[in-house]
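S.K.: I'd like to ask some things about the structure below.
The values are calculated or read from the model by the stated rules, or taken from the named source; none is laboratory data. Keep in mind that what you see is a predicted model, and the values were worked out from it rather than measured. When the accessible area is computed, the model is the full protein with side chains, heavy atoms only, and any ligands, DNA or RNA have been set aside. Shrake-Rupley method; radii C 1.70, N 1.55, O 1.52, S 1.80 Å.
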Amino acid sequence: MAVRKLILAEKPQVARDLAKVLGVSGRSDGALTSDRYVITWCIGHLVELCEPHEYDAAWKPWRLDRLPMLPKPFKLRPIRTSYKQWKVVKSLLADRSFSSVVNACDAGREGELIFRLCYELSGCRLPIERLWISSLTEHAIAQGLAQLQSGRAFDDLARAARCRSEADWLVGMNATRAVTVWRRGEQSVLCSLGRVQTPTLGILTQREHQIRSFVPQDYFEVEAQLRSVEQRASAMSFSALWQHGKHRRLADRSLAEQLVTRDGPAPIVVDSVDEKKLKEPPPLLFDLTSLQRTCNRRFGWSAQHTLSEAQRLYEEHKLLSYPRTDSRYLGRDVIALLPKLFAAVGSSKTYAAFANQLRDVSPPRRVFQDQRVTDHHAIIPTTTTLTDARLAALSVDQRKLHDLVVRRFLGVFFPDAEFAQTTVTVRVEAEGSALGGALVADSDGRLPGLPTPPDRYVAQGKQRLIAGWQEVAGFDGESDGKRRSSAEESDGSDDDEALRNQPLPRLQKGDVLHGSFSVLAKQTRPPPRFSDASLLSAMESAGKQLSDEALRRAMKDSGLGTPATRAAVIETLISRRYVERR
């Protein structure tokens, strides 16, 4: 009889994909079989850490004097809801007739944990081989199976996964009981605490305190509507705001009205015109967190919805690479695949014109950096041809997400977008003297008085000269990473995006202008409540504000949770009614 290998996949769909590549067609209860391979699968996690009372009966009552509970060692048990499949997996792992077992669970920390817990609880002693792939296309699977790695190479990853799992148990079990008993003195669960869940809730709570304790302050600005004297009445007009140094806000309406009164009849002259050419490089490729943030801003999706749709595009449709990645870079090994990737994407008429321009393109160094690739490279399209039938099989949301990833991938090979940024300062030769005394701005940036004339008004304009990658991205203006919705502004200081990017007429120093002036009444605003996008950013950068240097170093480049778990943490907080999404 030929030597057979056992393959353990994380999900039934992946097992079927493996079977198709390996020519495994036989079926049995919970497995696919052939002379050379037996492929079985988990259904997510099949094994979990035991409950406290399974270690010690004294840990069953919820009592403060029984804490902390510190199991040595931790014990495992099968999950009841998937016990039937566990029996299949256990019996196969215990079968010594196999030459080895291939860990074909997801190529990441959680996939490693799923496999290792099954391996340990079953008492398996088979040599471990690791299938490590970044997409589920037939080509990627075949290549991965031909280059299986030793399981020992992933022992550190397994230890990290087990450490994370046990840390969650220690914090969750002990802290939940401690706070519940402390607050109620009874066993009913007051709250659920977690290693990532609780500090994330802390971020939300701190922001809510800031919002509720915020006292809004009125402030006033003066706007000028300007146009050239030499041009006819229908000539282009533009807006400018009064500015003294870096300050635009006035504390009292009376000050703003006095400014309007003194500037109204005065001559208006262009004081300076500053033009700068700006280049904006393509944004980096998506990792999961940046993809979730973008989809939340563009489409209003939750982080979990984005992850779910990306996972379906990866597993079911084979159109995306592994989505649970924290890297925005590609390894240089991907360079050899570029012709196939461009050809696959270019098979769709939507992207053909862009893909056809990349036949002789040089891979940009800022994207292809081996040292910046972690477990997986950035999220990119696969070599699966984009036929009309494949695209028609996608849901509306899957199509939107896939389109984002394809355009971002193609865009990194295109040149920078170029802009002309113009700042015009106009001088109003009003008569008068300083009003209101010393001009020291308060904490909200409001000036208590008026400076001595002349007054100056500043206008900004931005014009795109070369679209570059933005033509591929399919939008005008700023890059996705720099655009902010009004809901994400921290106050009213820069809330008029249109004013900063307005079209400006051609002006020169010394030009005389016509103008009218008006008072703008505004109010300071509290920091906004978090969206999925801004909360993901806060979780990703958590720890940077810590005063303890050792703690700050420990959290550097890690933050709270991982790209694969942050969405679930947010949904957990919502399902447990700590927060709500509106």
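S.K.: So who's got an amide H within less than 5 Å of the one on residue 26, skipping anything under 5 residues away but keeping other chains? H placed 1.01 Å off N, in plane.
M.R.: HN-HN under 5 Å from residue 26: 33.
S.K.: Would you mind telling me the antiparallel percentage of the DSSP bridges in the chain, rounded to 5?
M.R.: Percent antiparallel among DSSP bridges in the chain is about 80.
S.K.: If you roll a 1.4 Å probe over the heavy atoms of the protein chains, what accessible area per residue do you get for the stretch 303-428, in Å²?
M.R.: Heavy-atom accessible area per residue stands at 42 Å².
S.K.: Too long at a 27 Å Cα-Cα cut-off: which of 11/90; 279/556; 11/75; 340/400; 5/84? Working shown, then result.
M.R.: On the way: 11/90 16 Å; 279/556 30 Å; 11/75 24 Å; 340/400 22 Å; 5/84 22 Å.
Exceeds cut-off: 279/556.
S.K.: Multiplying the sequence separation of residue 370 and residue 178 by 0.36 nm and subtracting their Cα-Cα distance, what value in nm do you get?
M.R.: Fully extending the segment from residue 370 to residue 178 adds 64.6 nm.
S.K.: Going by amide H atoms built from the backbone, whose H comes under 5 Å of the H on residue 79, apart from near neighbours?
M.R.: Long-range HN contacts for residue 79: 47, 48.
S.K.: Can I ask one more? As a check on your grasp of the helix formula, calculate [θ] at 222 nm for the chain: sum -39500 (n - 2.57) over DSSP H runs of n ≥ 4, divide by the residue count, round to the nearest 500.
M.R.: Value at 222 nm, helices only: -10500 deg cm²/dmol.
S.K.: Need the full-extension length gain, residue 74 to residue 254, defined as separation in residues times 0.36 nm minus the C-alpha distance. One decimal, nm. Before the final figure, lay out the partial values.
M.R.: Details: separation 180, 0.36 × 180 = 64.80 nm, distance 7.09 nm.
My answer for the length gained is 57.7 nm.
S.K.: Right, something else. May I ask you to evaluate 6.51 cos²θ - 1.76 cosθ + 1.60, the Karplus curve with θ = phi - 60°, for each residue of the stretch 271-287 and list the ³J(HN,Hα) values in order in whole Hz, giving x for glycine and proline?
M.R.: Using θ = phi - 60°, the values come out as 8, 7, 10, 10, 10, 10, 8, 10, 10, 10, x, x, x, 5, 5, 7, 9 Hz.
S.K.: Quick one: check the C-alpha center-to-center distance for the stretch 202-225 versus the stretch 298-334, whole angstrom.
M.R.: When both Cα centres are located, 36 Å separates them.
S.K.: Carbon and sulfur together cover what percent of the accessible area of the chain at a 1.4 Å probe radius?
M.R.: Working: 14390 of 29210 Å².
Roughly 49 percent of what the probe reaches on the chain is carbon or sulfur.
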